[in-house]
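Where a number appears in this text, it was derived from the coordinates with a stated rule and is not lab data. The structure presented is a predicted model; accordingly, all values stated were derived computationally and were not measured. Note: ideal-geometry Cβ built from the backbone for every residue, glycine included; neighbour counts use all protein chains shown.
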Amino acid sequence: MDAKQLLKQHGFRATSHRCEVLNYFIKSNQALTHAQLEQKIKSKIDRVSLYRMLHCFYENNFLAKIIDSNNNTSYIFNQQIENTDKATFPLFKCKTCHTVIQLPQLPENYLKSLQSKNIDKLQILAEGTCENCIKKK
Ligand SMILES: [Zn+2]
């Protein structure tokens, strides 16, 4: 998946900054906080612009937002953006390496039961230790 294509598909101008940030999320499976992202990207994007961009990507379901048990907010690419306009998949975060993966979608009958509530964001975050980190122990 390519950021430029994705942005255009969803009616956004594919500016170089937007492409760089979104591509970073697409290629990485790590959830990143605003501060972490600032260190990773090469272009100088000021804090406020970056904050606005993240918020915009989140509002438009390019990114999912994660608030972990330490109250840290991070973002991860929403791999299911092509399949659904609502981010309703559970996530798993490894407390050791901070990798975040998307767990399988919730059962259809469960999602149906949410429809009458007009939920547009659902956060289920499982925290624990991933297979790789278990092996290293
Ligand atoms: Zn891990």
With the Cα gyration tensor of the stretch 3-136 giving a ≥ b ≥ c as the square roots of its eigenvalues, does the rule (a/c under 1.5 for rounded; else a/b larger than b/c for prolate; else oblate) give rounded, prolate or oblate? oblate
Going by amide H atoms built from the backbone, whose H comes under 5 Å of the H on Leu91, apart from near neighbours? Leu103, Ile124, Leu125, Ala126
Give me Asp68, Asp2 sorted ascending by neighbouring Cβ count inside 10 Å, so fewest comes first. Asp2, Asp68
Can you compute 3J(HN,Hα) from phi for each residue in the stretch 11-25, using the Karplus curve 6.51 cos²θ - 1.76 cosθ + 1.60 with θ = phi - 60°, rounded to whole Hz and x for Gly and Pro? x, 9, 6, 8, 6, 5, 5, 4, 4, 4, 5, 5, 4, 4, 5
Within the set Phe57, Phe12, Phe77, GNM on the chain using Cα springs under 10 Å gives the largest fluctuation to Phe12
